[in-house]
Amino acid sequence: MENKNKKSLSVLIGAAFLMATSAIGPGFLTQTGTFTGSLKASFGFVILISVILSAIVQLNVWRVLCVSGMRGQDVANKVLPGLGYVVAFLVVAGGLVFNIGNVGGGALGFNTLLGIPEIAGYFIAGGVAIVIFLMKNALNAMDTLTKILGGIMIVVIFVVIVIVRPPLGMALKETVMPTAPMNELGTAILTLLGGTVGGYITFSGAHRLIDAGITKKENLKEINKSSVMGIGIATIVRVFLFLAILGVVVETATSAAHTLDASNPAADAFRIGAGEIGYRFFGLVLLCAAITSIVGCAYTSVSFLKTFHKSIEKHENAFIIGFIAVSTVIMAFLGQPAVLLVLAGAVNGLILPITLGVCLIASKKKSIMGEDYKHPTWLLICGIVVVIASAYLGITTFGANLSQLL
């Protein structure tokens, strides 16, 4: 019994880290660097509000999926026959394109940390992720990898905070009373929301719990705990990264060159704040973020397909390996897939309101949730608010990006 409890706790923590490290990809680092550079300490307010909204999304989605015991695509098909196939296509297509970017981030991490040429870095990054799914107990290996690399990211960024000594008082004040314009804050909040729980990310941990059999109403306490833990880990990294970059932004604000390099703001901040060793530290953080995101993205994307055909479920690891291999080869041929990433970001913005909306509808259906389950009213109402806000952002962002591409 004790071993079973330890195993369950390990899976709960693993699911939380899988979700968090899936969110903490190369784009996460760039986002944080860009917004901290432009909003300064007011970015603390953006983090606070986005965390609250992300927790609402995650609690709604994880409760519905894990209590019902059904993955996202199966819930969608129960709500409206055929919708699950649409959701699966959107998630897998967006996941593939983001994974191409994650492989590129891994190559940049190897280059920054060890000076390895980017073309070799693509294949090394993809290869490391593939090794995980070649192991006999791949899911346990995935849990262990995300915990270790997630922990390394937190420790390394904390070391940089100690070096740059950010203005904590200013950060705390601006977190509750921001001075940046509200329209800029609103855009940043919704961008962070999509980057933290958009697309495949919020499903990653929930699907891991379903695969481990941690489902049904009797496990609701553990499901909620793992869900909140996932948001908490992503938040710790976001806050630490924000403080590390803020220290540099404030310190250099009076100099002639007070803006961060737009092409890689987080790396620039680490270099300015902690010198060459800071730049190497960033390479390590980027490498950890990319590898865990490759693993989480591939696992979750394939989990959206495996219930559609028994052969996919039977050979799940082979399909995950194939997903990573395709991402790696495309990245090697295309280099920086800027157009694909713009399209993926636009699609990702449309996925969140659809998937969250489906889960909210499902939460009120006894045929999905069971006769004795009652979804909290406050969580339902808050979820509806997030659906409306994220739908507005998704539509406007998609329109703007489409017009750019055309």
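Computed from phi, the 3J(HN,Hα) profile of the stretch 86-93 under the Karplus parametrisation 6.51, -1.76, 1.60 (θ = phi - 60°) reads 5, 4, 4, 4, 4, 5, 5, 5 Hz, with x in place of Gly and Pro.
Mind checking the angle between helix 265-303 and the chain's longest principal axis? C-alpha axes, 0 to 90 degrees, to the nearest 10. Computed tilt is about 10 degrees.
Each helix, a run of at least 4 DSSP H residues, gives -39500 (n - 2.57); summed and divided by the residues of the chain, these come to -28500 deg cm²/dmol at 222 nm. Residue by residue, the stretch 175-181 carries 3J(HN,Hα) couplings of 5, 9, 9, x, 9, 6, x Hz when phi is fed to the Karplus relation 6.51 cos²θ - 1.76 cosθ + 1.60 (θ = phi - 60°); x denotes Gly or Pro.
Dipole magnitude for the stretch 49-199: about 320 debye, using +1 per Lys or Arg Cβ and -1 per Asp or Glu Cβ, origin at the Cα centre.
Where is the GNM fluctuation largest for the chain (alpha-carbon springs, 10 angstrom cutoff): V249, V103, V91? Among V249, V103, V91, the largest GNM mean-square fluctuation belongs to V249. Computed over protein heavy atoms with a 1.4 Å probe, the carbon and sulfur contribution to the accessible area of the chain reaches 69%.
In the context of the full set of protein chains, the stretch 138-197 has a per residue accessible area of 47 Å² (1.4 Å probe). Once you have a ≥ b ≥ c as the square roots of the Cα gyration tensor eigenvalues for the stretch 102-239, tell me rounded if a/c is under 1.5, and otherwise prolate or oblate according to whether a/b is larger than b/c. It is oblate, given that a/c is not under 1.5 and a/b is not larger than b/c. For the residue pairs K147/K225; K217/K314; K217/K366, alpha carbon separations beyond 19 Å are given by K217/K314.
Entry comment: accessible area of the stretch 1-134 is 35 Å² per residue, from protein heavy atoms only and a probe of 1.4 Å.
If you build a Gaussian network model of the chain, linking Cα atoms that sit under 10 Å apart, which residue out of N317, N264, N60 swings the most? Looking only at N317, N264, N60, the largest GNM fluctuation is found for N264. A simple rule links phi to the HN-Hα coupling: the Karplus curve 6.51 cos²θ - 1.76 cosθ + 1.60 with θ = phi - 60°, which for the stretch 155-164 gives 5, 5, 5, 4, 4, 5, 4, 4, 6, 8 Hz, with x for Gly and Pro. Compactness of the chain was expressed as the Cα radius of gyration divided by 2.2 N^0.38 Å, which yields 0.94.
Taking L305, L185, L172 in turn, the Gaussian network model of the chain (Cα-Cα springs below 10 Å) assigns the largest fluctuation to L172.
The values are calculated or read from the model by the stated rules, or taken from the named source; none is laboratory data. Not measured: the values here are computed from a predicted model. Every residue, glycine among them, receives a Cβ derived from its backbone with ideal geometry; neighbour counts consider all protein chains shown. SASA here: full protein model, heavy atoms, side chains in, ligands and nucleic acids out. Shrake-Rupley method; radii C 1.70, N 1.55, O 1.52, S 1.80 Å.
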